[in-house]
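This report concerns only the one structure given below.
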Amino acid sequence: MSEAVVFENVTFTYPGAPSPALERVNLRIEEGSFVLVTGPTGSGKSTFLRAINGLVPHFSGGTLSGSVTVEGRSTVSNAPRALADVVAFVPQDPGAAFVVDRVEDELAYGMENLGVPPSVMRRRVEETLDLLDIEPLRGRSVRSISGGERQRVAIAAALTVAPRVLVLDEPTSQLDPQGAEDVLAALQRLVHDLGLTVMMAEHRLERVAGFVDFAVGCRGGRGVAGSTAGRASVVSGPPSEVLEAVGTGPPVARLGRLVGWRPLPLTVREARRAAASAGAQSKVGAASAGAQSKVGAASAGAQSKVGAASAGAQSKVGAASAGAQLIHAHLSAAYGDRTVLERVALVVRPGEIVGVVGRNGAGKTTLLRSLAGVHPASAGSVAVQGGRAPRPGSDVALCPQDPDSLLFKETVQQEVEATLRARGKAGPSTSPASGAETLLEELGLADLADRHPRDLSAGQRLLVAVAATVAAGAPLLLLDEPTRGLDVESKARLAGLLRGFARAGRAVIFATHDVELVAEVATRVVMLASGEVVADGVPGEVIGDSPVFSPQIARAFGPRWLTPEAAATGILQSGSTPASVR
Amino acid sequence: MSTTNPFYLLPLAAVCYFVHAARGAASAGPQDKRGAASAGPQNERGAAGRAGSFKVFVLFGLVALVTRTVLVFFGPVTPGSVVAAALEGLRLATMLAVFGTFNSVADPFRLLKLSPRRFHEPALAAALALSIAPRTIVAAGRVREAQRLRGIDISGWRALPALAVPVLATGMEEAVTLAESMDSRGHGRGRRSRYRPERWGAAAWATAAIGVAAAFAFVGADGALGGGLEVSTYPLVWPAASPWLVGAALSLAVPGLLPAGPNHV
């Protein structure tokens, strides 16, 4: 089998950057591989992906040494357009990458440029519309469709040119769990049937672990403290080894680390097997003796790190439920004559962290905008303490799906201070600078305080936007899809911040497709479907045994545990094999 | 060739309003209306962007008219100079109204599919350029809401950076993403085929014919049809108008009455 992508001793530095973003990268990707590109937020994944089709260095500028070849063609001597017939690229923000207006024409655009005969174009458009299940969208404008639909259309538009290599930057970040699974399964079919090579960056490892057969780990680059000087910035190999090397993994892998399973399980099946064989070899006792301390250490430091401390959170809710209502909503909402929310009733009290889940288009964003007081209710009302309508920005703050809408300052620090100043939190006792520093510290952004927000990675920008929104000091914080582009560690920091926020007598409502975040941090889950609340309760009840929305740990071991920490504690304490209940 | 004759400019402005009213809503077509039933916020904002861009252009037109007229008071003021300035302002306002109408009524990407192959590149550039205004308006709405929800009030000049910087910076980043995307997808390789070009139907031909005829009428106005494109303001006299040219201006309303064009071949 020949090689689809070859990096030979590649070092790349952005113009004006003090250190390389990629350093001494050597790797060979076989044709027909399904490759995961992973690594912390801002570690150079996007740079690596963009080097595959020549956007780096042709569009980025900077200096590249070594060689990158795709299907035998050098990306240095060939511009991206000259590689368009062999490698297709789907960027992180597909909305901005659409060229023409109608979905169907967008699918044809790349083929038109390559001079594909009209009859072939027609056939491929139809096939691809079916493959990604977007036929009903064919006549729609790409600017009118939802984020999840855009991701499907962008992937479809990349596939119509029949590339040999498909490069995807976080292709499922806006898809609901079922939608992500469908898209990944469609790609896997092309990998198996046609020998397509897929190179995909993705943070939601639990979604992709079962599909990929090779991994590339990025572990540092521009602006990351303790940079990579002197070692290769990229490792590659079997997924479990690479995830081990970059110190990340899906929830079952984190469980595996806590209880000492080797090799690390990545999928639900592997986790069940690991648990079963650990039981069969009667090593559980020995393992638990050794690992107990690990778990203890992990959960002791858990407040700022992972560890859910769900017992603590639970009691907080109990204590809070007697208290005041931060928001009281009973409403319907519509766009034009189309009903989006149908008699949704929601009361949130201090100390609660509410996760709102539901498939694409279920009305999650509209619910948040209605609660924030910027989308009028078509019937019913929304009230905050005192019975009045919420004042946007002071009673309720909302961090939007698209963090770039907020960023307007020169540095990360100023961005947060701008909110504090606007909200009059710049009193003589607490200067905005110290308030901002505390927040940035909590979110792990202290090292980036002097950087320009727009120079940061997508995930880092999102955290800055979260910090700028939290700084408003509103008692109710709303977050719309707050984990796009976030690595596991950043997500844990975000979870810690939200817990602290709730502990201070305030409350959080976040809409997400990320069920692992829900499992980790939510004290309550609201499930929406077609604009109606179909379930509302504690996470274990609502998503614990859901075929679509259950977190990976619950899939492996049943609804009693939702997070790796809970499962590890349970497994080690019971000393028994966590035989699957399903 | 341009005119400051209000008897031609005012009918043109009226035609703009009529065509916008007749077509602004209809141009979305049944497909997009069906779309509106399932997309929610995005679609809502997309439609608002297009309707909003007409309003913005008309608003700019009125600002231009007033500003141009007011400027005259910084110089020698005579009845003639005031009228001359007002008419120039009117000309500018009418041009902006025409542009705004085109923006709100015509789908530049469908025109792209009607354009002959050799004009593809300039037509695509024009279509992308025309889509900037409505997209910017949508972005401004999104940024205003986002900043408000973070506690930064976007009213008054001091808050302008909070609105303008995200809109412009995101616009620039999106432009770079678009350029990268076009290059990555083989734009400019030289060889090109066409996917389902649109056929020129009766309505398209009629629209083009009326536009060409009206243009010829105004070009030929200096000779055959009697002048009056430029209004004399010194001495200030009541302008003369050719009924033919008024008719030519009004004929541009006809495309607003034609049935919507056919779909794909």
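Read-outs: derived from the displayed coordinates by stated rules, not from any lab. Bear in mind that the values here come from a model prediction, so they are computed numbers and not experimental data. Reconstructed Cβ throughout: ideal geometry from the backbone, glycine too, with neighbour counts over all protein chains shown.
From Cα pairs below 8 angstrom and at least 6 apart in sequence, can you work out the relative contact order of chain A, rounded to a whole percent? Show your work: numbers first, answer last.
On the way: 1207 pairs, mean separation 86.5, N = 582.
Reported as a whole number, the value is 15 percent.
Per the Debye formula with a single identical scatterer at each Cα and no solvent contribution, what log10 I(q)/I(0) holds for the protein assembly as shown at q = 0.08, 0.10, 0.11 Å⁻¹?
-0.77, -1.15, -1.35
Can you count the Lys pairs in the protein assembly as shown with C-alpha separation below 19 Å, eight or more apart or on different chains?
5
Report the relative contact order of the range B:6-199, percent, no decimals, based on alpha-carbon pairs under 8 angstrom and at least 6 residues apart.
Values: 141 pairs, mean separation 44.9, N = 194.
That works out to 23 percent.
At residue B:202 and residue B:230, where each label point lies 7 Å from the Cα along Cα→Cβ, what is the point-to-point distance in nanometres?
Going by the 7 Å Cα→Cβ label model, 4.4 nm.
Can you give the % of DSSP beta bridges in chain A that are antiparallel, to the nearest 5?
If I count the DSSP bridges inside chain A, around 55 percent turn out antiparallel.
In debye, nearest 20: dipole of chain A around its Cα centre with unit charges on the Cβ of K, R (+) and D, E (-)?
Here the size comes out at about 1280 debye.
Spin-label point model (7 Å from Cα, Cβ direction): what's the residue A:63 to residue B:62 distance in nm?
Label-label distance for residue A:63 and residue B:62, simple model: 5.8 nm.
In nm, to one decimal, how far is the modelled label at residue A:410 from the one at residue A:245, with both set 7 Å along Cα→Cβ?
4.1 nm
Give me P(r) over the range B:6-199, computed from all C-alpha to C-alpha distances, binned every 10 Å, as integer percentages.
Taking all Cα pairs of the range B:6-199, the binned fractions are 8, 24, 31, 25, 10, 2, 0 percent.
Kindly provide the helix-only [θ] at 222 nm of chain A, computed as the sum of -39,500 (n - 2.57) over DSSP H runs of four or more divided by all residues, to the nearest 500 deg cm²/dmol?
-11500 deg cm²/dmol
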